[in-house]
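Student: Got a structure for you, questions after.
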Amino acid sequence: MNNDMIRTYSYRISQATRSQLVVITYDIIADYLNEALNDDASSGYKEKLHMAMRGIDQLITGLDMEYEISVQLYQLYNYCLLYTSDAADDSLR
(Lines give C-alpha, C1' and ligand atoms only; values in the text may rest on other atoms or scores of the structure.)
Protein backbone atom coordinates (compact mmCIF):
# COMPACT_ATOMS: atom_id res chain seq x y z
CA MET A 1 0.00 0.00 0.00
CA ASN A 2 1.50 3.33 -1.00
CA ASN A 3 1.66 6.48 1.12
CA ASP A 4 -1.27 8.15 -0.67
CA MET A 5 -3.53 5.21 0.07
CA ILE A 6 -2.39 5.18 3.70
CA ARG A 7 -3.15 8.90 4.03
CA THR A 8 -6.56 8.44 2.44
CA TYR A 9 -7.43 5.55 4.75
CA SER A 10 -6.11 7.46 7.77
CA TYR A 11 -8.39 10.38 6.96
CA ARG A 12 -11.39 8.11 6.35
CA ILE A 13 -10.76 6.31 9.64
CA SER A 14 -10.49 9.58 11.57
CA GLN A 15 -13.91 10.67 10.25
CA ALA A 16 -15.68 7.29 10.43
CA THR A 17 -18.48 5.96 12.56
CA ARG A 18 -18.31 2.40 13.94
CA SER A 19 -20.17 0.91 10.99
CA GLN A 20 -18.06 2.89 8.53
CA LEU A 21 -14.93 1.43 10.16
CA VAL A 22 -16.12 -2.05 9.17
CA VAL A 23 -16.57 -0.92 5.56
CA ILE A 24 -13.11 0.70 5.58
CA THR A 25 -11.65 -2.55 6.92
CA TYR A 26 -13.31 -4.41 4.03
CA ASP A 27 -11.80 -1.88 1.60
CA ILE A 28 -8.33 -2.27 3.08
CA ILE A 29 -8.55 -6.07 2.91
CA ALA A 30 -9.71 -5.88 -0.72
CA ASP A 31 -6.83 -3.55 -1.61
CA TYR A 32 -4.27 -5.89 -0.04
CA LEU A 33 -5.76 -8.89 -1.85
CA ASN A 34 -5.75 -7.04 -5.18
CA GLU A 35 -2.16 -5.94 -4.62
CA ALA A 36 -1.19 -9.54 -3.83
CA LEU A 37 -2.73 -10.72 -7.09
CA ASN A 38 -0.81 -8.08 -9.03
CA ASP A 39 2.51 -8.58 -7.23
CA ASP A 40 5.22 -10.47 -9.07
CA ALA A 41 7.57 -10.97 -6.13
CA SER A 42 6.76 -13.96 -4.00
CA SER A 43 7.70 -12.20 -0.76
CA GLY A 44 5.50 -9.20 -1.58
CA TYR A 45 2.64 -11.54 -2.42
CA LYS A 46 2.86 -13.29 0.93
CA GLU A 47 3.28 -10.02 2.85
CA LYS A 48 0.15 -8.55 1.29
CA LEU A 49 -1.82 -11.73 2.00
CA HIS A 50 -0.59 -11.57 5.59
CA MET A 51 -1.82 -7.96 5.88
CA ALA A 52 -5.21 -9.02 4.48
CA MET A 53 -5.33 -11.82 7.07
CA ARG A 54 -4.66 -9.27 9.81
CA GLY A 55 -7.65 -7.28 8.56
CA ILE A 56 -9.84 -10.38 8.64
CA ASP A 57 -8.63 -11.04 12.19
CA GLN A 58 -9.77 -7.54 13.13
CA LEU A 59 -13.22 -8.26 11.73
CA ILE A 60 -13.39 -11.50 13.73
CA THR A 61 -12.33 -9.90 17.01
CA GLY A 62 -14.89 -7.12 16.53
CA LEU A 63 -17.84 -9.52 16.45
CA ASP A 64 -20.32 -9.53 19.31
CA MET A 65 -21.23 -13.20 19.52
CA GLU A 66 -24.45 -12.47 21.39
CA TYR A 67 -26.06 -11.79 18.02
CA GLU A 68 -26.87 -14.59 15.58
CA ILE A 69 -25.55 -12.59 12.64
CA SER A 70 -22.16 -12.56 14.34
CA VAL A 71 -22.07 -16.34 14.31
CA GLN A 72 -22.77 -16.34 10.59
CA LEU A 73 -20.20 -13.60 9.96
CA TYR A 74 -17.66 -15.54 12.02
CA GLN A 75 -18.12 -18.56 9.76
CA LEU A 76 -17.69 -16.38 6.67
CA TYR A 77 -14.64 -14.54 8.05
CA ASN A 78 -13.08 -17.80 9.21
CA TYR A 79 -13.53 -19.30 5.74
CA CYS A 80 -11.88 -16.21 4.21
CA LEU A 81 -9.04 -16.44 6.71
CA LEU A 82 -8.42 -20.12 5.99
CA TYR A 83 -8.60 -19.58 2.23
CA THR A 84 -6.18 -16.63 2.40
CA SER A 85 -3.85 -18.59 4.67
CA ASP A 86 -3.84 -21.48 2.20
CA ALA A 87 -3.01 -19.06 -0.61
CA ALA A 88 -0.10 -17.65 1.41
CA ASP A 89 1.23 -21.16 2.06
CA ASP A 90 0.72 -22.30 -1.52
CA SER A 91 4.13 -22.69 -3.11
CA LEU A 92 2.62 -23.00 -6.61
CA ARG A 93 1.76 -19.29 -6.88
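The values are calculated or read from the model by the stated rules, or taken from the named source; none is laboratory data. Every value quoted in this text rests on a predicted model; they were computed, and no experiment measured them. Positions of Cβ are generated from backbone atoms using ideal geometry, with glycine treated the same way; all protein chains shown enter the neighbour counts. Accessible surface is based on the protein model in full, side chains and every heavy atom, while ligands, DNA and RNA are left aside. Shrake-Rupley method; radii C 1.70, N 1.55, O 1.52, S 1.80 Å.
Student: Taking Leu63, is it in a loop (DSSP other than H, G, I, E, B), modelled with pLDDT of 95 or more and touching a helix residue (DSSP H, G or I) at 6+ places or on another chain (Cβ under 6 Å)?
Tutor: Spelling it out, Leu63 is indeed in a loop (DSSP other than H, G, I, E, B), modelled with pLDDT of 95 or more and touching a helix residue (DSSP H, G or I) at 6+ places or on another chain (Cβ under 6 Å).
Student: Still on this structure, I have one more. Quickly run through segment 15-24 and pick out the residues that are within 21 Å of Leu63 (Cα to Cα), loosely packed, with under 12 Cβ neighbours inside 10 Å and not β-branched (Val, Ile, Thr).
Tutor: Scanning segment 15-24 gives Arg18, Ser19.
Student: With the structure loaded, tell me whether Ser10 is assigned to a helix (DSSP H, G or I), surrounded by fewer than 12 Cβ atoms within 10 Å (Cβ to Cβ) and among the small types (Gly, Ala, Ser) or whether it fails that test.
Tutor: Yes, satisfied.
Student: May I ask you to list the residues in segment 25-60 that are over 10 Å from the mean Cα position of the chain (by Cα) and either more than 19 Å from Asn2 (Cβ to Cβ) or open to solvent by less than 80 Å² (accessible area, probe 1.4 Å) (or both)?
Tutor: The answer is Glu35, Ala36, Asp39, Ala41, Ser42, Gly44, Tyr45, Ile60.
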